[in-house]
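The values are calculated or read from the model by the stated rules, or taken from the named source; none is laboratory data. Since we're looking at a predicted model, the values are computed, not measured. No Cβ is skipped: glycine too gets one built from the backbone with ideal geometry, and neighbour counts run over all protein chains shown. These accessible areas exclude ligands, DNA and RNA; they are computed on the full protein's heavy atoms, side chains included. Shrake-Rupley method; radii C 1.70, N 1.55, O 1.52, S 1.80 Å.
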Amino acid sequence: MTNQVLYRKWRPQKLADVVGQESVTQTLQRAVATDRISHAYLLCGPRGTGKTSTARILAKAVNCKSPIDGEPDNECHACVSISEGRALDLIEIDAASNRGIDDIRSLSDKINFAPNEFRYKVYIIDEVHMLTEQAFNALLKTLEEPPDHAIFILATTEAHKVPLTIISRCQRYDFRRIPLSAMSQKLAELCGAEGVEATEEALEILARSATGSLRDAENLLEQAVVSYGSPLQGDQIRDMLGLGGDAEALKLARHVVTKTVGEGLSTITEVSNSGADLRQLQRSVTEFLRSVMLIKSGSTDELGYSEEVTTQLRAAASGSELSHLLRAIKAFSSADMRHDSSSPLPLELA
Ligand SMILES: [Zn+2]
């Protein structure tokens, strides 16, 4: 693997390549294809879900010399200079570090000048919720009467902190956490492209621990490849992430379901004696119990566990009582492990 960070190297170059945000990207693609381009977009959603990538692709698509069905061709001068980060007409501002009135004012002053070389001047303002109130007011003035050649793409992880006056001037798109299956599939593609072998289980554990952020998943994959090379196994990933206790957590969850108190307590003692993190055990057990409850109540939601684990969870569900599960989940999720993560007592009480 090269020294280029994976998530940069494999950053999507087309709207269709953005993982897990089909409703957003398809709408944008249609808009570009039919030349219904807005002057202000607001992209909201958790970190690592593709907002900035989408903003850059959109900047290419609207400026591309020969767009293909709303997608950039990634070959013309506009596309290439944006990909290489040297386009004069794409201005990226990180509002976390340029949040003041002067930053926005200097932007508003320059905005009336025609683009240097492209059809549109595109301003991407990342983490826009960080702007000061004055800066928002200055931005609002610009958004109220944007010149024809300007497009604003605002991105934020915290849409509730963006003033409604700004939001109402924008076309809003909500990015969701990337589903586990889409994430695992993307990681498998990356491994294929990088010549790394990895078991399905290894990728599943990586995807799960990234909680919906593809950037996190890609960084974890890179870390795993650097540490272990190829092929990647589930056990290695568990070691890397400090998840040694997953098998024990599943065992404990099954003892809880079947109310076998003695065995349950001895499982906790084993984990405690092995020096593993009991808070991790607590999280995993709670998560397993929740899955058993979901299966029990007939949910068909994607649980994202391997076939083997899912089979065990289903078996546990068939012998369980819903009311007992609810009590157990409450007890385990509220067990207070904050003060002393090495004491098994709170878990034993639960
Ligand atoms: Zn192009």
Practice task
Out of L6, L43, L107, report the one residue that is in contact with a helix residue (DSSP H, G or I) (Cβ under 8 Å, 6 or more places away or on another chain), modelled with pLDDT of 95 or more and either open to solvent by less than 30 Å² (accessible area, probe 1.4 Å) or in the same structural domain as R169 (by TED's automatic domain parsing) (or both).
Solution key: L43
Exercise for the section: Please indicate, with yes or no, whether at least one residue in region 11-22 is open to solvent by less than 10 Å² (accessible area, probe 1.4 Å), under 18 Å from Y120 (Cα atoms) and in contact (Cβ under 8 Å) with a residue 40 or more places away in the chain. Expected result: no
Problem - In region 55-109, residue farthest from V18 (Cα to Cα) [restricted to those that are away from the ligand (no atom under 15 Å from the Cβ) and among the β-branched types (V, I, T)] - result: I101
Practice task
Considering every residue within region 75-84, establish whether at least one is at pLDDT 95 or above, assigned to a loop (DSSP other than H, G, I, E, B) and in the same structural domain as I153 (by TED's automatic domain parsing).
Solution key: yes
Practice task
Please find, among D235, D216, the residue that is surrounded by fewer than 20 Cβ atoms within 10 Å (Cβ to Cβ), over 30 Å from Q21 (Cα atoms) and not assigned by TED's automatic domain parsing to the domain that holds T311.
Solution key: D235
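Quick one: how many residues across region 86-117 are of a type outside the set (S, T, N, Q) and closer than 21 Å to T156 by Cα? Walk me through how you get there before you give the answer.
Here is the first cut: in region 86-117, the residues of a type outside the set (S, T, N, Q) are 86-96, 99-105, 107, 109-111, 113-115, 117.
Applying the additional criterion that residues be closer than 21 Å to T156 by Cα yields 90-96, 99-105, 107.
Final tally of qualifying residues: 15.
Might you let me know whether region 30-38 holds any residue that is assigned to a loop (DSSP other than H, G, I, E, B), open to solvent by less than 10 Å² (accessible area, probe 1.4 Å) and not aromatic (F, W, Y)?
No, region 30-38 has no match at all.
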Completion exercise
Only one of L180, L164, L140 is more than 30 Å from E117 (Cβ to Cβ), of a type in the set (A, V, I, L, M) and surrounded by fewer than 16 Cβ atoms within 10 Å (Cβ to Cβ), namely L164
Handout entry: Test set (1) surrounded by fewer than 22 Cβ atoms within 10 Å (Cβ to Cβ); (2) at pLDDT below 80; (3) among the small types (G, A, S) - G245 fails condition number
Key = (1)
Exercise for the section: Quick one: in region 36-72, of everything that is within 26 Å of the chain's Cα centre (by Cα) and charged (D, E, K, R), which residue is farthest from G85 (Cα to Cα)? Expected result: R47
Completion exercise
Out of (1) under 21 Å from R47 (Cβ atoms); (2) modelled with pLDDT of 90 or more, the one G192 does not meet is (1)
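With respect to A202, is the statement that it is outside the structural domain of D126 (by TED's automatic domain parsing), in contact with a strand residue (DSSP E or B) (Cβ under 8 Å, 6 or more places away or on another chain) and modelled with pLDDT of 90 or more true? Before the answer, list the steps.
Numbers: outside the structural domain of D126 (by TED's automatic domain parsing): yes; in contact with a strand residue (DSSP E or B) (Cβ under 8 Å, 6 or more places away or on another chain): yes; modelled with pLDDT of 90 or more: yes.
Here the answer is yes, as A202 does meet what is asked.
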Exercise for the section: Identify all residues within region 264-279 that are in contact (Cβ under 8 Å) with a residue 12 or more places away in the chain and either in contact with a helix residue (DSSP H, G or I) (Cβ under 8 Å, 6 or more places away or on another chain) or small (G, A, S) (or both); write none if there are none. Expected result: G264, L265, T267, I268, E270, V271, S272, S274, A276, L278
